[in-house]
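The values are calculated or read from the model by the stated rules, or taken from the named source; none is laboratory data. These figures come from a predicted structure and were not determined experimentally. No Cβ is skipped: glycine too gets one built from the backbone with ideal geometry, and neighbour counts run over all protein chains shown.
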Amino acid sequence: MTTEVDQLVSSGEWRTGISEAMYGMQRSSANNPGQRQLKVEKTRLLNETCAIVDARYEIIGDNEAPTRRMWSTFLVIKEGENWKIAGIRNMMPAR
């Protein structure tokens, strides 16, 4: 992730900066236990250093917690030889 990463989660909470994003992800993992899976569905290269990545995001709970199925969109940028996440948008599908 970039140091200035921002994240919008399905609850509507914004997390700005790598420290806040990491803290929020750790807090979310503790409050919503389960195995997390990301499956990239589509990547769109906007230019040589910027892309949009769409993925299915699932939190697979135990027998008591149902699986949460969401979408995640990542804005990624190339810094040197590495691709880094600059933005994350998590969405719950409409029911």
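Can you tell me which of Ser11, Ser19, Ser29 is assigned to a loop (DSSP other than H, G, I, E, B) and either modelled with pLDDT under 95 or more than 18 Å from Pro66 (Cβ to Cβ) (or both)? Every option except Ser11 fails the conditions.
Of all residues in the range 14-25, those that are within 15 Å of Arg89 (Cα to Cα) have Cβ atoms under 7 Å from Cβ atoms of residues that are among the hydrophobic types (A, V, I, L, M, F, W, C) and part of a helix (DSSP H, G or I), 6 or more apart or on another chain, in Arg15/Ala21.
The set of residues from the range 68-87 being among the small types (Gly, Ala, Ser) and closer than 17 Å to Asp54 by Cβ comprises Ser72, Ala86, Gly87. Only one of the numbered conditions (1) at pLDDT below 90; (2) exposed (fewer than 11 other Cβ atoms within 10 Å of the Cβ) is violated by Glu48, and that is (1).
Filtering Asp62, Asp54 for residues that are among the acidic types (Asp, Glu) and surrounded by 11 or more Cβ atoms within 10 Å (Cβ to Cβ) leaves a single hit, Asp54. Checked against (1) out of contact with any strand residue (DSSP E or B) (no Cβ under 8 Å at 6 or more places or on another chain); (2) within 18 Å of Met22 (Cβ to Cβ), Glu64 passes all but condition (2).
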